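**Q** The following block contains the structure, expressed as structure tokens.
The values are calculated or read from the model by the stated rules, or taken from the named source; none is laboratory data. Note that the coordinates shown come from a computational prediction; the quantities given were computed from them, not determined experimentally. Please note: Cβ atoms are built from the backbone with ideal geometry, for glycine as well, and neighbour counts cover all protein chains shown. With ligands, DNA and RNA removed, areas are computed over all heavy atoms of the protein, side chains included. Shrake-Rupley method; radii C 1.70, N 1.55, O 1.52, S 1.80 Å.
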Amino acid sequence: MGFRNGAVYGAKIRGPHALVMTFLFKSGSLREKLKSIAQATYTHSRNLAYFVFTYKGLMTLQSQLQGKKIPFHTFFAACIGGWLVFRENNPINNQIIMYLLSRVLFGLSRLAVEKGYVPQPKRDPFPLIAALLWGTVLWLFEYHRQTLQPSLQSSMTYLYEDSDVWHDISDFLIYNRTTDRK
């Protein structure tokens, strides 16, 4: 069942995302765009299915061998699954790993407070995190653009550079792009 749920969840997540991103930011024929959407959806779906299958299989195996489930089993099984399934640095795996990284950092921060390793903040740290994150990403975009993921570069180019150019009312009503990319 884990394999099936991984496949279904991957398709449910990636399909709509790939559809929107492809039609907003990719050029090419309709056939090329549909092929790109199908490939991205398939890759995401397959990888999650393989990961869930591997993880659950290793969890069962470890539990059978040791007679019980221990916390290290979770970490070990997930590390092996992550290595086997997500080790290729491609756009789909890259996005999945970045998604996980942001949530893991938030989770570890909360755990550090919960366990008393870090004192409970007197104020909500979210506004400071938001400010520092936006300051850093725009600094990277302006001065070290090549370090950012291509899809983020594309989004930021559209937001902060393409918006400087005005051709006619279609730029406002439809979709504006700078002259060299229109």
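**Q** Taking the stated definitions as given, is Gly57 open to solvent by less than 80 Å² (accessible area, probe 1.4 Å), touching a Leu at 6+ places or on another chain (Cβ under 8 Å) and not aliphatic (A, V, I, L, M)?
**A** Criteria not met by Gly57.
**Q** Pairs needed: first member in segment 70-94, under 27 Å from Ser151 (Cβ atoms) and in contact (Cβ under 8 Å) with a residue 24 or more places away in the chain; second member anywhere, in a helix (DSSP H, G or I) and open to solvent by 50 Å² or more (accessible area, probe 1.4 Å); C-beta distance under 6 Å; at least 6 residues apart or different chains.
**A** So the pair list comes out as Gly81/Tyr55; Val85/Tyr50.
**Q** Related question: Take the residues in segment 140-163 that are within 21 Å of the chain's Cα centre (by Cα) and of a type in the set (Phe, Trp, Tyr); name whichever of them is surrounded by the fewest Cβ atoms within 10 Å (Cβ to Cβ).
**A** By that ranking, first place goes to Tyr158.
**Q** Another question, if that's okay. Does Gly67 qualify as being more than 22 Å from the chain's Cα centre (by Cα), open to solvent by less than 80 Å² (accessible area, probe 1.4 Å) and within 30 Å of Leu159 (Cα to Cα)?
**A** For Gly67, the condition - more than 22 Å from the chain's Cα centre (by Cα), open to solvent by less than 80 Å² (accessible area, probe 1.4 Å) and within 30 Å of Leu159 (Cα to Cα) - is not met.
**Q** Let me ask something additional. Let me spell it out: the conditions are (1) under 24 Å from the mean Cα position of the chain (by Cα); (2) surrounded by fewer than 12 Cβ atoms within 10 Å (Cβ to Cβ); (3) of a type in the set (Gly, Ala, Ser), and Ser109 meets all of them except one. Which number is the exception?
**A** So the condition that Ser109 fails would be (2).
**Q** Quick check: anything in segment 81-89 in contact with a helix residue (DSSP H, G or I) (Cβ under 7 Å, 6 or more places away or on another chain), within 29 Å of Met21 (Cα to Cα), open to solvent by 60 Å² or more (accessible area, probe 1.4 Å) and modelled with pLDDT of 95 or more?
**A** yes
**Q** Answer with yes or no whether Phe51 is aromatic (Phe, Trp, Tyr) and open to solvent by 60 Å² or more (accessible area, probe 1.4 Å).
**A** Numbers: aromatic (Phe, Trp, Tyr): yes; open to solvent by 60 Å² or more (accessible area, probe 1.4 Å): no.
For Phe51, the condition - aromatic (Phe, Trp, Tyr) and open to solvent by 60 Å² or more (accessible area, probe 1.4 Å) - is not met.
**Q** Do we find a residue being within 25 Å of Ala18 (Cα to Cα) and at pLDDT 95 or above anywhere in segment 60-79?
**A** Looking through segment 60-79, none of the residues is within 25 Å of Ala18 (Cα to Cα) and at pLDDT 95 or above.
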